[in-house]
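J.: Sharing a structure here in structure tokens format.
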Amino acid sequence: MKMKSVCATYADIISTVEFNHTGELLATGDKGGRVVIFQREPESKNEPYNQGEYNVYSTFQSHEPEFDYLKSLEIEEKINKIKWLPQQNAAHSLLSTNDKTIKLWKITERDKRPEGYNLKDEEGKLKDLSTVTSLQVPVLKPMDLMVEVTPRRIFANGHTYHVNSISVNSDCETYMSADDLRINLWHLAITDRSFNIVDIKPANMEDLTEVITASEFHPHHCNLFVYSSSKGSLRLCDMRASALCDKHSKLYEEPEDPSNRSFFSEIISSVSDVKFSHSGRYMLTRDYLTVKVWDLNMETKPVETYQVHDYLRSKLCSLYENDCIFDKFECAWNGSDSVIMTGAYNNFFRMFDRNTKRDVTLEASRESSKPRAILKPRRVCVGGKRRKDDISVDSLDFTKKILHTAWHPTENIIAIAATNNLYIFQDKVNSEMH
Amino acid sequence: MGEEEGLHQTPFLDTMFVRGLKRKCFDGEEDIEGTLAGIKAIPSYNLQRQSLLDMSLVKLQLCHMLVEPNLCRSVLIANTVRQIQEEMTQDGTWQMINTQSTGQASLDRLVSTDILCRSSRDQAEGKHVPAYGTFNKDFENDQAQDSSDTMSTASAVQAPRNLQSSVWEMENPQENKGNFQKSLDQIFETLENKSPNSVEDLFSEVDNSYYDLDTMLTGMMSNTKMGHCDSLETFSSSTNTASNSNCKSDLNDLDHIVEILVES
């Protein structure tokens with residue numbers, strides 16, 4: 001697999017990555033509240049080496065740090081999630097959220113400006129009327145492309161707890177935002193109210209044992225959404241059934257394997273991400289050690305389970321001690337739902353081919369990402385025979401974690417966030433999906 | 001790699017954790033070498049479980065920051081604590097620990113915790129592990145006082161007692177008071193060893209309401225950051241055992257002491 005790669009270094013840790021619906025734009029959010037949008041260069045015959053490359057399109061400050069005076073707590077400006085709205089006109093729109101506030105941003109281009117005003121000069125100053133001897137009609141002249149980003153809506157005060165997910169409905173009019181205990185439904189045009197559709201806060205907070213970890217709307221059925229919990233379960237809800245969707249339509253839960261039981265069983269079963277397949281038939285979940293594919297029609301267990309880094313199973317106590325066991329990894333489908341991808345430690349990321357059952361471990365690093373380099377598969381050895389270039393489990397760098405990954409909606413292009421570096425890998429040989 | 005070969009897998013805690021303990025033990029002074037023979041084997045499951053419990057409680061304490069703590073993480077840790085304590089109740093260990101506080105600790109327990117404390121003092125600061133040893137010692141009244149490294153350890157000392165009391169509604173008012181007094185001693189020792197600046201840091205950072213696991217969860221989840229006096233009020237109102245009245249008088253003492261220390 002020949003890969004073409006780009007690496008961009010950020011001032012802050014990247015906290016989310018998201019392609020838009022065509023894949024032309026790639027948005028990233030970081031810990032400093034900034035959003036950086038990359039645009040894919042149109043392919044042209046004149047510069048064949050630059051075709052399809054992503055370059056910075058726009059940068060803006062989405063969220064600022066805030067202080068909650070009532071609780072004496074800071075509200076981080078870190079961007080937790082970005083979701084693009086389907087494009088409806090020349091402008092692009094996206095939702096970005098920090099822990100508390102969701103914002104709708106409109107991105108427009110300006111490449112022409114009017115010139116030849118009668119009353120104003122080029123700088124906009126009023127002309128001395130005595131110098132005006134004739135009338136002219138202002139004309140639009142081309143100018144350097146300017147990308148303008150404006151905040152169109154601010155959806156504030158909807159959440160007491162930290163927002164972990166946002167998802168735009170297929171109806172393109174509503175979206176949902178989920179925090180640890182509640183999920184709200186918003187209309188994109190209305191900012192002063194939202195509907196609460198899930199509330200799992202117990203009457204007595206001392207009874208709290210489970211929180212919401214991720215949530216997403218079904219890609220085609222505008223009434224269905226799924227949310228995952230810290231106990232490893234998925235709940236599919238139907239908004240037509242009742243206003244408050246506390247009673248799930250379907251509960252997806254795999255019984256615990258008694259042979260693997262430990263004090264860490266619950267923690268490692270906590271689902272950190274859930275994604276519907278593009279087809280809408282499957283769901284992909286990520287927990288600490290595995291990725292699982294669930295069939296919407298089967299609630300008893302996943303149809304496929306893939307081990308991401310099972311060699312960590314014997315290290316769980318250390319990973320609990322250094323808090324790595326709480327790391328929330330995301331997962332992604334490719335455009336044809338045939339390959340799934342997720343991140344791991346040591347800047348490794350993994351891909352699983354659902355058809356061939358083959359998997360590969362790749363590394364996102366500067367050495368491996370020279371332009372037009374081929375990404376070399378990596379291997380972690382757990383004792384026993386050690387091949388050259390293998391990495392032993394104890395040498396893994398747990399500070400280099402790939403939590404956020406994204407896959408282009410139609411092509412074999414992936415975006416990998418490795419701390420404060422963004423890597424974009426393009427498979428030039430096999431550009432089409434299998 | 002070679003270190004691993006000498007250890008066999010424990011079903012519940014990983015070898016790295018065990019290896020860590022073993023390494024610390026060897027860093028002690030020479031006169032404890034003899035006692036090392038007793039613990040060259042992997043520390044017992046009970047000890048490991050106790051360490052995990054201690055670690056979890058410290059984690060819950062330490063997630064008190066300027067920014068709101070991560071609720072998911074807190075809930076998962078709290079569930080782990082409950083799980084351990086349930087198991088300890090089931091196999092009678094919890095009961096055993098209670099009765100031991102009269103001072104009849106087994107020699108093994110004394111030796112193992114002593115070594116943990118000693119070697120951890122020789123270690124660099126800033127690790128959670130030092131807290132384990134001091135925490136274990138809470139269960140033996142006659143144990144010589146060692147200074148705890150952090151104030152949060154002292155708070156952690158009280159937490160399992162009150163969790164136990166509120167979850168299972170066991171009434172041990174006398175023991176609660178005794179251990180409470182003990183934790184106050186540890187607070188004083190910590191303060192004596194620290195510079196004046198860090199005293200302020202200690203009191204500004206740590207919220208005294210984190211004595212009770214449930215209070216702590218309530219405190220975090222209702223998202224209120226309380227002043228010291230307020231937190232103590234909440235603490236006394238949220239415990240639902242008969243030891244309430246005793247706790248309240250103890251809390252008033254602590255309140256008074258806190259004021260004195262802060263002013264000095």
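J.: Residue by residue through region A:51-80, note down the ones that are open to solvent by less than 40 Å² (accessible area, probe 1.4 Å) and not in a loop (DSSP other than H, G, I, E, B).
T.: Once the filter is applied, which keeps residues that are open to solvent by less than 40 Å² (accessible area, probe 1.4 Å) and not in a loop (DSSP other than H, G, I, E, B), region A:51-80 yields A:Tyr54, A:Tyr57, A:Ser58, A:Phe60, A:Asp68, A:Leu73, A:Ile75.
J.: Here's something else I'd like to know. Report, by residue number, each residue of region A:254-276 that is over 27 Å from A:Phe195 (Cβ atoms) and away from chain B (no Cβ under 14 Å).
T.: A:Glu254, A:Pro255
J.: Now a separate question. Restricting the search to region A:1-35, which residues are of a type in the set (Phe, Trp, Tyr) and either part of a strand (DSSP E or B) or touching a Cys at 6+ places or on another chain (Cβ under 9 Å) (or both)?
T.: Applying the first criterion (of a type in the set (Phe, Trp, Tyr)) to region A:1-35 yields A:10, A:19.
Once the filter is applied, which keeps residues that are of a type in the set (Phe, Trp, Tyr) and either part of a strand (DSSP E or B) or touching a Cys at 6+ places or on another chain (Cβ under 9 Å) (or both), region A:1-35 yields only A:Phe19.
J.: So which residues in region A:125-155 are closer than 26 Å to A:Lys106 by Cβ and open to solvent by less than 80 Å² (accessible area, probe 1.4 Å)? Spell out the reasoning first.
T.: Within region A:125-155, the subset closer than 26 Å to A:Lys106 by Cβ is A:138, A:140-155.
Within region A:125-155, A:Pro138, A:Met143, A:Val147, A:Glu148, A:Val149, A:Thr150, A:Pro151, A:Arg153, A:Phe155 meet the criteria.
J.: Out of region A:153-191, which residues are away from every other protein chain (no Cβ under 14 Å), part of a loop (DSSP other than H, G, I, E, B), in contact (Cβ under 8 Å) with a residue 40 or more places away in the chain and among the aliphatic types (A, V, I, L, M)?
T.: A:Ala156, A:Leu188
J.: Also, I was wondering about something else. Examine region A:119-131 for a residue that is in contact with a Gly (Cβ under 9 Å, 6 or more places away or on another chain) and farther than 16 Å from A:Arg152 by Cα, and state whether such a residue exists.
T.: Taking region A:119-131 first, the residues in contact with a Gly (Cβ under 9 Å, 6 or more places away or on another chain) are none.
No.
J.: Failed condition for A:Gly124, given (1) free of Cβ contacts under 8 Å to residues at least 24 places away in the same chain; (2) away from chain B (no Cβ under 14 Å); (3) part of a loop (DSSP other than H, G, I, E, B); (4) at negative phi, with all others met?
T.: (4)
To keep it simple, each residue is scored yes or no on (1) facing chain A (nearest Cβ under 9 Å); (2) modelled with pLDDT of 70 or more.
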{"position": "B:His64", "(1), (2)": "no, no"}
{"position": "B:Cys72", "(1), (2)": "yes, yes"}
{"position": "B:Asn79", "(1), (2)": "yes, yes"}
{"position": "B:Arg82", "(1), (2)": "yes, yes"}
{"position": "B:Met88", "(1), (2)": "no, yes"}
{"position": "B:Asn98", "(1), (2)": "no, no"}
{"position": "B:Gly103", "(1), (2)": "no, no"}
{"position": "B:Ser106", "(1), (2)": "no, no"}
{"position": "B:Arg109", "(1), (2)": "no, no"}
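J.: Looking at region A:309-331, which of its residues are more than 9 Å from every other protein chain (Cβ to nearest Cβ), under 20 Å from B:Leu62 (Cα atoms) and assigned to a helix (DSSP H, G or I)? So that I can check it myself, show each step before the final result.
T.: First, the residues of region A:309-331 that are more than 9 Å from every other protein chain (Cβ to nearest Cβ): A:309-312, A:322, A:324, A:327, A:329-331.
When the remaining residues are screened for being under 20 Å from B:Leu62 (Cα atoms), the result is A:322, A:324, A:327.
Of everything in region A:309-331, just one residue is more than 9 Å from every other protein chain (Cβ to nearest Cβ), under 20 Å from B:Leu62 (Cα atoms) and assigned to a helix (DSSP H, G or I), namely A:Cys324.
J.: Then there is this: Residues A:Glu122, A:Glu115: which one is acidic (Asp, Glu) and open to solvent by 60 Å² or more (accessible area, probe 1.4 Å)? Before you say what the answer is, go through the steps one by one.
T.: Working: A:Glu115 fails: open to solvent by 60 Å² or more (accessible area, probe 1.4 Å).
The match here is A:Glu122.
J.: How many residues are free of Cβ contacts under 8 Å to residues at least 60 places away in the same chain and either in a helix (DSSP H, G or I) or of a type outside the set (A, V, I, L, M, F, W, C) (or both) if we restrict to region A:280-308?
T.: Taking region A:280-308 as the starting set, the residues that turn out to be free of Cβ contacts under 8 Å to residues at least 60 places away in the same chain are A:281-290, A:292, A:295, A:297-308.
Subsequent filtering for residues that are either in a helix (DSSP H, G or I) or of a type outside the set (A, V, I, L, M, F, W, C) (or both) retains A:281-282, A:285-288, A:290, A:292, A:295, A:297, A:299-302, A:304-307.
Residues meeting the conditions: 18.
J.: If we keep just the residues of region A:115-169 that are at pLDDT 90 or above and among the aromatic types (Phe, Trp, Tyr), which is nearest to A:Asp273 (Cα to Cα)?
T.: A:Tyr161
J.: Any residue at all in region A:81-89 that is surrounded by 12 or more Cβ atoms within 10 Å (Cβ to Cβ) and within 14 Å of chain B (Cβ to nearest Cβ)?
T.: Checked region A:81-89: no residue is surrounded by 12 or more Cβ atoms within 10 Å (Cβ to Cβ) and within 14 Å of chain B (Cβ to nearest Cβ).
J.: Scanning for something touching a residue at least 40 places away in the same chain (Cβ under 8 Å), in the same structural domain as A:Gly232 (by the TED database), open to solvent by less than 10 Å² (accessible area, probe 1.4 Å) and under 23 Å from A:Glu266 (Cβ atoms), does region A:331-342 turn up at least one residue?
T.: Yes: region A:331-342 contains one or more residues that are touching a residue at least 40 places away in the same chain (Cβ under 8 Å), in the same structural domain as A:Gly232 (by the TED database), open to solvent by less than 10 Å² (accessible area, probe 1.4 Å) and under 23 Å from A:Glu266 (Cβ atoms).
J.: On the basis of being outside the structural domain of A:Pro409 (by the TED database) and either part of a loop (DSSP other than H, G, I, E, B) or closer than 30 Å to B:Arg73 by Cβ (or both), does A:Asn118 make the cut?
T.: Numbers: outside the structural domain of A:Pro409 (by the TED database): yes; either part of a loop (DSSP other than H, G, I, E, B) or closer than 30 Å to B:Arg73 by Cβ (or both): yes.
So A:Asn118 fits the description; yes.
J.: Moving to a separate point now. Is there a residue being within 14 Å of chain B (Cβ to nearest Cβ) and acidic (Asp, Glu) anywhere in region A:95-107?
T.: Yes - at least one qualifying residue is present in region A:95-107.
J.: Turning to a different aspect of this structure: Quick check on region A:80-98. Is at least one of its residues touching an Asp or Glu at 6+ places or on another chain (Cβ under 7 Å) and modelled with pLDDT under 95? Talk me through it step by step, then tell me what you get.
T.: Our first condition is that a residue be touching an Asp or Glu at 6+ places or on another chain (Cβ under 7 Å); within region A:80-98, this holds for A:80, A:82-84, A:98.
In the following step, the residues that additionally are modelled with pLDDT under 95 were identified as none.
For region A:80-98, residues touching an Asp or Glu at 6+ places or on another chain (Cβ under 7 Å) and modelled with pLDDT under 95: absent.
The values are calculated or read from the model by the stated rules, or taken from the named source; none is laboratory data. If you're wondering where the values come from, they're calculated on a predicted model, not measured in any experiment. Cβ atoms come from the backbone with ideal geometry, glycine included; neighbour counts cover every protein chain shown. Quick note on the areas: whole protein, heavy atoms, side chains included, nothing else; ligands and nucleic acids left out. Shrake-Rupley method; radii C 1.70, N 1.55, O 1.52, S 1.80 Å.
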